[in-house]
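Following: one structure in structure tokens, then a few remarks.
The values are calculated or read from the model by the stated rules, or taken from the named source; none is laboratory data. Remember, predicted model here, so these are calculated numbers, not experimental data. Every residue, glycine among them, receives a Cβ derived from its backbone with ideal geometry; neighbour counts consider all protein chains shown.
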């Protein structure tokens, strides 16, 4: 395939403009430059993929020389996905730097003092409520232990009574 002169020129312009814009200090311009270079790379892979041909499916009567190579297409799709991921990351960095620039000298410490006081108060309330919960649980455990001990004593008394009545019956019948 002979590469279209229009696509070659477009690729060269995208590379040149992208690299020129990436050299700026602004993160937004770096992102725009990165997007331009990414698109230029995709056009380069398209141009270098060879002559267009049939779909890469072998069938009866299809000459292998007429089939397109699917690998460059896979590379372009992969490059698009990687470009999208890096773009999302750069957008997050741009937003974070803008947010920090808006805060000024305080930086991340805005309203931290009020939040710390609220957090300390919540923690104290939580400790107080957990102590009350522990006391309630312990009283339930103690009460259930007492009930369990009473139940065991009652069962023991019943067993002793059964054994005594069984001995009395055996004595009445004359068994040893």
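Exactly one residue among 38, 16, 50 is under 30 Å from residue 96 (Cα atoms) and touching a residue at least 24 places away in the same chain (Cβ under 8 Å), and that residue is 38.
Every condition in (1) closer than 21 Å to residue 74 by Cα; (2) in contact with a helix residue (DSSP H, G or I) (Cβ under 7 Å, 6 or more places away or on another chain); (3) exposed (fewer than 15 other Cβ atoms within 10 Å of the Cβ) holds for residue 35 except the one numbered (3). Figure legend. Inter-residue proximity from the range 19-30: first residues without any contact (Cβ under 8 Å) to a residue 12 or more places away in the chain, second residues surrounded by 12 or more Cβ atoms within 10 Å (Cβ to Cβ) and assigned to a helix (DSSP H, G or I), beta-carbon distance below 6 Å, spacing 6+ or different chains. Indicated pairs: 29/21. Quick check, is residue 118 in a helix (DSSP H, G or I), farther than 30 Å from residue 35 by Cβ and outside the structural domain of residue 26 (by TED's automatic domain parsing)? For residue 118, the condition - in a helix (DSSP H, G or I), farther than 30 Å from residue 35 by Cβ and outside the structural domain of residue 26 (by TED's automatic domain parsing) - is met.
Residues checked against (1) more than 30 Å from residue 56 (Cα to Cα); (2) assigned by TED's automatic domain parsing to the domain that holds residue 35; (3) surrounded by fewer than 10 Cβ atoms within 10 Å (Cβ to Cβ); (4) modelled with pLDDT of 80 or more:
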site	(1), (2), (3), (4)
72	no, yes, no, yes
84	no, yes, no, yes
90	yes, yes, no, yes
93	yes, yes, no, yes
99	yes, yes, no, yes
138	yes, no, no, yes
151	yes, no, no, no
155	yes, no, no, yes
176	yes, no, yes, no
